[in-house]
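Beneath this line is the structure, given in structure tokens, with notes to follow.
The values are calculated or read from the model by the stated rules, or taken from the named source; none is laboratory data. Keep in mind it's a predicted model, so treat the numbers as computed, not measured. Positions of Cβ are backbone-derived with ideal geometry, glycine not excepted, and every protein chain shown enters the neighbour counts.
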Amino acid sequence: MKKTIITVVGKDTVGIIAKVCTYLANNKVNILDISQTIVQGYFNMMMIVDAGQSPKAVGELAQDLNVLGEEIGVGIRCQNEEIFEKMHRI
Amino acid sequence: MINIGEVNETNQMIEQEKLDVRTITMGISLLDCCDGSLKELNRKIYDKITRLAERLVPVGQEIEREYGVPIVNKRISVTPIALVGGAACRCPEDFVSIAKTLDEAAKTVGVNFLGGYSALVSKGMTEADRNLIQSIPEALAATDRVCSSVNVGSTKTGLDMDAIRMMGEIIRETAQATAEHGSLGCAKLVVFCNAPDDNPFMAGAFHGVTEGDAVIHVGVSGPGAVKHALERVRGKNFEILCETVKRTAFKVTRVGQLVAQEASARLGVPFGIVDLSLAPTPAVGDSVAEILEEMGLESVGAPGTTAALALLNDQVKKGGVMASSYVGGLSGAFIPVSEDQGMIDAVNRGALTLEKLEAMTCVCSVGLDMIAVPGDTPAAAISGLIADEAAIGMVNQKTTAVRIIPVAGKKLGEVVEFGGLLGYAPIMPVNSFSCQDFVNRGGRIPAPIHSFKN
């Protein structure tokens, strides 16, 4: 299973997680793990998801989430997990 | 499992410290395109490049989106054209027609540069080599995306001083031929000693004859990431400094290795090498000079600069080699002037001279790079600079190169603007004493002895 990492960074507001999760559910993306913190009023969330069942490719999900992030006023990135694995694990 | 801190670190390197993959370069052999008919040769070249590289740009963009890491350039390198065109080209104009074909092919597949309009003349010149070299000014003026390089020497063969003399003149002519664009042609022309066969970086990329039919090379970057890492160890000793550079270079290179493997798999073209170079851009915070200044120099060019650069270059390689299965190309820190805001500032404040840059090239890749000099610099002086740089490469068994721009109509104190990744450059002074009689001697400088090292 190829995992995908979604990160959301920005000013905290009501409904960020709800909106992101709704989008993921609608696109058949399964959430495996969520960690979230608030640092100095800034919302910082990381999700590990499985996009294997999604009809959309990771690149397409990334573009959609980027647009969604602009609507909510936060930065959303959706990246293949491998880039983090390669960089931080030998 | 990956934690939020690691994810944030990677994304900060990408977003704020300008970590990117500088280029995916597809090397394409054109040896099987050789033909006695120029028309047929041009057709075969166009067909092969557009067939093999058809998906290069879309695949690059796809990887960029999926991994969230910018891949700044998608490029192509081809077999040195002097070898490919030898049977069909009778005069320099014939070679220019190939340059135009390459330009057209580059535009069709959407790459921003195509390298390999090249001749390898480290020991001597064939008629085809001579014709190609003579065609360079017109070829670079008549095309937008074609890059040219000439290898004039090597540690094994010595220096071809006839070619070096010729290149001084060709660089002047190229500057004149592209005078209305700030002599931009010279920014696409590199003179090498010990040119590597698998360099993915422009303008000096070509697909060497030791390579396979097609191959994917990747050039990484990341001066900003190294600089930010060093900010966190300010004032610490050299052991910690070196360790920090090494760790950062490892992370940067792993991204390059991943992108190279993905690109290779998706394009069905074998993976060649990752080039471990720190390649600056004119953007603020993407500068090799700033790394050296972060180490403790008031300005790049100050005493200690060469040592700082030697350390940087070595640690980048030590960190990078472990991160990639195959390393090649130029691999080291680039010190172009016009493409690095810190270098430009150092020249403007009078801290950095041509002579200091030459000393710096002894310990790093690649050479005197993107340096603008007065338009009336004599051809012999340019040949002299090339000979000096090539001698450093020949004796030290390393790649060196000269990409110098005698900007037509510009004098000391003026500035030339190239735009984009090529940046802008203050015109730098060249020592005005003559080397005419030395350059005019003709012949070759023999290969150096490899014992009695002193």
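Residue-wise test of (1) among the hydroxyl-bearing types (Ser, Thr, Tyr); (2) away from chain A (no Cβ under 12 Å); (3) assigned to a helix (DSSP H, G or I); (4) out of contact with any strand residue (DSSP E or B) (no Cβ under 9 Å at 6 or more places or on another chain).
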{"position": "B:218", "(1), (2), (3), (4)": "no, yes, no, no"}
{"position": "B:230", "(1), (2), (3), (4)": "no, yes, yes, yes"}
{"position": "B:244", "(1), (2), (3), (4)": "yes, yes, yes, yes"}
{"position": "B:251", "(1), (2), (3), (4)": "no, no, yes, yes"}
{"position": "B:261", "(1), (2), (3), (4)": "no, no, yes, no"}
{"position": "B:264", "(1), (2), (3), (4)": "yes, yes, yes, no"}
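Of B:78, B:21, all but one fail to be within 20 Å of residue B:204 (Cβ to Cβ) and within 14 Å of chain A (Cβ to nearest Cβ); the exception is B:21.
Within region B:269-293, residues that are outside any loop (DSSP other than H, G, I, E, B) reach partners that are hydroxyl-bearing (Ser, Thr, Tyr) with beta carbons closer than 6 Å, at six or more positions or on different chains, in the pairs B:271/B:264; B:273/B:326; B:274/B:324; B:275/B:331.
Inside region A:1-47, can you point out the residues that are of a type in the set (S, T, N, Q) and either surrounded by 13 or more Cβ atoms within 10 Å (Cβ to Cβ) or at the interface with chain B (Cβ under 10 Å from one of its Cβ atoms) (or both)? Spell out the reasoning first.
Let us first name the residues in region A:1-47 that are of a type in the set (S, T, N, Q), namely A:4, A:7, A:13, A:22, A:26-27, A:30, A:35-37, A:40, A:44.
Passing the criteria: A:4, A:7, A:27, A:30, A:35, A:36, A:37, A:44.
Hey, among B:433, B:438, which residue is in contact (Cβ under 8 Å) with a residue 40 or more places away in the chain and either small (Gly, Ala, Ser) or farther than 18 Å from residue B:288 by Cα (or both)?
Numbers: B:433 fails: in contact (Cβ under 8 Å) with a residue 40 or more places away in the chain.
Exactly one residue qualifies, and that residue is B:438.
With the condition being among the small types (Gly, Ala, Ser), I'd like the helices (runs of 4 or more DSSP H) fully within region B:9-120 carrying at least 2 qualifying residues.
Fully inside region B:9-120 and qualifying: B:92-109.
Which of the residues spanning region B:1-38 are small (Gly, Ala, Ser) and either modelled with pLDDT under 90 or over 30 Å from residue B:214 (Cβ atoms) (or both)?
Narrowing region B:1-38 to residues small (Gly, Ala, Ser): B:5, B:27, B:29, B:36-37.
Of everything in region B:1-38, just one residue is small (Gly, Ala, Ser) and either modelled with pLDDT under 90 or over 30 Å from residue B:214 (Cβ atoms) (or both), namely B:5.
Listed conditions (1) outside any loop (DSSP other than H, G, I, E, B); (2) charged (D, E, K, R); (3) more than 20 Å from the chain's Cα centre (by Cα) are all met by residue B:376, apart from (1).
Consider region B:18-36 and keep the residues that are of a type in the set (D, E, K, R) and more than 23 Å from the chain's Cα centre (by Cα). The one that is farthest from residue B:198 (Cα to Cα) is B:35.
For residues that are out of contact with any Leu (no Cβ under 8 Å at 6 or more places or on another chain) and assigned to a strand (DSSP E or B), scanning just region A:48-78, find the one that is farthest from the other protein chains (Cβ to nearest Cβ). Before the answer, list the steps.
Going through region A:48-78, the residues out of contact with any Leu (no Cβ under 8 Å at 6 or more places or on another chain) turn out to be A:52-53, A:55-75.
Going one step further and asking which of them are assigned to a strand (DSSP E or B), we end up with A:74-75.
Values: A:74: 13, A:75: 8 Å.
Among those that are out of contact with any Leu (no Cβ under 8 Å at 6 or more places or on another chain) and assigned to a strand (DSSP E or B), it is A:74.
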